[in-house]
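Heads up, the thing below is written out as structure tokens.
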């Protein structure tokens, strides 16, 4: 493959990436939860971890910064180290269990909220909203169970944006099970320029359920996606290089 062909292919991939990210500015800070203090309970005393720009209304609630190692190494609370049921759950915790637990599609860290004990919403204040416009909220979510419990339970996530409220579908989490990852999307129209976005895990009492959330995005809803000028220029350059590459190949063949 010629160097020109390599450059042409790279530009095509870059163009595709540019179009994929042209869907609007995400108004959520740390929506991928990668700015954190490591795995463990957030907003706790004593301090264990944090998720930048996300907080519980009260301290010591069972909300956590987590990753796909939650079934393997576990995660620290103010009381003990907690484990999810999963393929890497240690034998000392009753594992392993082939239930499909694993990383979110976004990878890395995610938010974990207990739905059965010491529950509280996790929220972030969003500013610079336009009350005449509609915004699309999206995220990925799943449900897992801690190894201290093994009964089936009902799980969902309540979503509040200002005075508007919605929820994910209510699902049955099997004992020692895992459900996910699923995609959520809903349109909201803000009532004020600044308002709070919050998530609350809702589940059967003392059944061991956890709601998991990742890749939170809030973008202005538009009629269509228009490529930015830089993306359009990149498209022109890529097309030019591909034409030059084909012309050179024809000349070489002749």
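Each residue, residue 52 and residue 30, gets one label point 7 Å from its Cα in the Cβ direction; the gap between the two is 0.7 nm.
Classify the stretch 26-78 from the C-alpha gyration tensor, please: rounded if a/c falls under 1.5, else prolate or oblate depending on whether a/b exceeds b/c. The shape class here is oblate. Taken over the Cα atoms of the stretch 166-205, the convex hull encloses 105 Å³ per residue. So for the stretch 27-221, what percent of the C-alpha to C-alpha distances run longer than 20 Å? When all Cα pairs of the stretch 27-221 are counted, 52 percent exceed 20 Å. Given R0 = 35 Å, the distance between the Cβ atoms of residue 158 and residue 73 translates into a calculated FRET efficiency of 0.75.
All of the numbers you see were taken from the coordinates with simple rules; none came from a lab. Note that the coordinates shown come from a computational prediction; the quantities given were computed from them, not determined experimentally. When we count neighbours, we look across all protein chains shown, and the Cβ atoms used for this are built from the backbone with ideal geometry, even at glycine.
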